[in-house]
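One structure is given here, and the rest of the page talks about it.
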Amino acid sequence: MNRPVFRWFRDISIAKKLYFTVGIMALLIALELAVLLFSINTLSSVRAYVGGEGLWSKAQKDGLYQLLKYARTHDEADYTKFLDFLKVNLGDHKARLELSKPDPDLAIVRQGFVEGRNHPEDVDGMIHLFRRFHNNQYIHRAIVAWTQADESIIAFIDLGRRLHDVINSPDSSPQRINAILDGIDPLNRRLTPIEDEFSFALGEGSRWLEGVVLRLLFIVALTVECTGLILAITVSRGIQKGLREILLAAQAVKNGNFARKARSYSADEIGILANNFNSMADELYKLEQENQEVYASLEKKVRQRTSEMESKNKELEQFAYVASHDLQEPLRTISGFVDLLNKEYREKLDGNGQIYLNYLSQASDRMKILIKDLLDYSRIGREKEAKSVDCNQLLDEVLADLGKSIRESGAKITAGDLPVLRAYPTELKLLFQNLIANSIKFRHPERPPEVAIFAAQDNGKWKFAVSDNGIGIEKQFLERIFIIFQRLHSRTQYEGSGIGLAHCKKIVEVHQGQIWAEATPGQGSRFYFTISKDL
């Protein structure tokens, strides 16, 4: 935020700050939805091209069958079917030629794709994909393969016409017919790798696009979260900073020090209050200088006004807390409207509308979880004093909290004799809870989970191990899993926000230790962490 904007934001009223925050969050969420919608449409267009390639290949093979049949039967109906099947390939050929022009006639393009038996609702998306991404290396490769295939189809049609002419000529003979048919196999051998290249290029393009979209969505989501946090912290700190100045000035006035002024950091309500307080303090100081004789009366007034000011300061402190707390309200409001739309208007929306509404609802829910997880993440380490903790008792509390999931999964939890050590109890409990909960969540589908917890002394530290018999982890992901928001599975497979192991890493670092993992895919995982004895 540059200085003019910062000064503007600093000086507007608290209510406008909140409205501004809500507006920015809504705008960023809308941007995230727009990126999501763009990705869905683009991936759908790639799918349409893959389906179109299947129709193209089938039409070519059906045409070949009818041509060979025509060579045997000399039935004109078979030749007509040959030409009818190849209308699919020629329709796509027409669309490609028109799209290759600098200023294509889109009506011709649509007609060509429809003649190629592509679904009419997919045609516009296919056109947009071709025009937007034709310079992309993967789409360009697919277009080159398409062009080469079209050349082969033209040769194939020419071969069919020559065969037709020979069959209908007076000097037709099996030798002449076979000579023409000998040209079919080279054409087929040429077409097969071209078709493979087209499909492979589109597949690579789809994976590339998916990666780009995921990165964009992550950047937008992270921007939403960071922007919300920055705005919330900015507003909260501004209020707290101004109130602290007023409180310090009020305390100085209470002690008879009228020279201490409340510094005004902004032109909002807090700044106005600070300036008014300073004016009041100046007036009190002048009364005291002008007339010592009315000291007793002034002292009474000062006490009264100071009391009133302390009351107002308490009210402002409460207001500051409520204001910072209510910064989460915009997201609740959006969620409420999404729920209302689901209840009142869902049946009135078409299929796409319901899909978009579901995406909006899911994005809102993910935002709530991300905000809560980020706040929890930021609070780790705020417990100021390490205490003596019995890890056996702590583990019993964790297992009691996880009792429902343990029973439902049939999990078996075993533990060795755990130490009594100095630690931060809340954080250490969360560490055990996250690791055991992950072992239960990522269990193997063919066996109930078994979790074992052990501890031993190791080079002046306590070394713990939490092992399970779950699905395991690929070796290349063993470090990535501790990065915030990193997920190895989709939300449809396993729920969560991808922050649990990042919590664990931060907790271990607060305890001056390290955490790492060893795993075998399909057999299980073992997480190690150390805790310093010098806390």
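The values are calculated or read from the model by the stated rules, or taken from the named source; none is laboratory data. Treat the numbers as computed from the prediction; the structure is a model and nothing was measured. Note that we place each Cβ from the backbone using ideal geometry, even for glycine, and neighbour counts take in every protein chain shown. Quick note on the areas: whole protein, heavy atoms, side chains included, nothing else; ligands and nucleic acids left out. Shrake-Rupley method; radii C 1.70, N 1.55, O 1.52, S 1.80 Å.
Screening TYR70 with (1) under 16 Å from LEU202 (Cβ atoms); (2) touching a residue at least 12 places away in the same chain (Cβ under 8 Å); (3) not hydrophobic (A, V, I, L, M, F, W, C) gives one miss only, at (1).
Out of ILE471, ILE484, one residue alone is in a loop (DSSP other than H, G, I, E, B), modelled with pLDDT of 80 or more and open to solvent by 20 Å² or more (accessible area, probe 1.4 Å). It is ILE471.
So is THR223 open to solvent by less than 50 Å² (accessible area, probe 1.4 Å) and among the polar types (S, T, N, Q) or not? In short, no.
Could you tell me whether ARG244 is assigned to a helix (DSSP H, G or I) and surrounded by fewer than 17 Cβ atoms within 10 Å (Cβ to Cβ)? When the stated conditions are applied, ARG244 passes them. Residue-level check: of (1) open to solvent by 40 Å² or more (accessible area, probe 1.4 Å); (2) more than 24 Å from TYR138 (Cβ to Cβ), ARG47 misses just (2). In this structure, ALA95 does satisfy being more than 13 Å from SER45 (Cβ to Cβ), surrounded by 19 or more Cβ atoms within 10 Å (Cβ to Cβ), hydrophobic (A, V, I, L, M, F, W, C) and at pLDDT 85 or above. Applying the set (1) within 21 Å of LEU191 (Cβ to Cβ); (2) in contact (Cβ under 8 Å) with a residue 60 or more places away in the chain to GLY54 leaves exactly one unmet item: (2).
Scanning the stretch 19-32 for residues that are touching a residue at least 24 places away in the same chain (Cβ under 8 Å) and open to solvent by less than 50 Å² (accessible area, probe 1.4 Å) turns up THR21, ILE24, MET25, ALA26, LEU28, ILE29, GLU32. Determine whether SER173 is polar (S, T, N, Q) and farther than 26 Å from ASP84 by Cβ. Judged against the criteria, SER173 is a match.
Restricting attention to the stretch 1-27, the residues that are modelled with pLDDT under 75 and either among the hydrophobic types (A, V, I, L, M, F, W, C) or outside any helix (DSSP H, G or I) (or both) total 12. Of the residues making up the stretch 395-403, one or more are within 23 Å of GLN512 (Cβ to Cβ), surrounded by fewer than 20 Cβ atoms within 10 Å (Cβ to Cβ) and in contact (Cβ under 8 Å) with a residue 12 or more places away in the chain. Taken over the stretch 166-202, the residue count meeting the criterion of being modelled with pLDDT of 85 or more, open to solvent by less than 80 Å² (accessible area, probe 1.4 Å), within 60 Å of the chain's Cα centre (by Cα) and more than 20 Å from ASP62 (Cβ to Cβ) is 1. Return yes when ASP376 is closer than 18 Å to VAL510 by Cβ, of a type outside the set (Gly, Ala, Ser), part of a helix (DSSP H, G or I) and at pLDDT below 65 and no when it is not. Yes; evaluated as a whole, the condition is true for this residue. Do we find that ALA59 is buried (at least 18 other Cβ atoms within 10 Å of the Cβ) and in a helix (DSSP H, G or I) in this structure? Judged against the criteria, ALA59 is a match.
Listed conditions (1) part of a helix (DSSP H, G or I); (2) at pLDDT below 85; (3) of a type in the set (Ser, Thr, Tyr) are all met by THR492, apart from (1). When ILE127, ILE139, ILE154, ILE143 are checked against the criterion of being closer than 28 Å to ARG207 by Cβ, out of contact with any helix residue (DSSP H, G or I) (no Cβ under 7 Å at 6 or more places or on another chain) and either among the β-branched types (Val, Ile, Thr) or surrounded by 19 or more Cβ atoms within 10 Å (Cβ to Cβ) (or both), a single residue qualifies: ILE143. When you go through ALA455, ALA415, ALA423, ALA465 one by one, which is the residue that is at pLDDT 90 or above, more than 18 Å from HIS511 (Cβ to Cβ) and open to solvent by less than 60 Å² (accessible area, probe 1.4 Å)? Unique residue meeting the criteria: ALA415. Put simply, of LYS61, LYS81 the only residue that is more than 19 Å from TRP146 (Cβ to Cβ) and not small (Gly, Ala, Ser) is LYS81.
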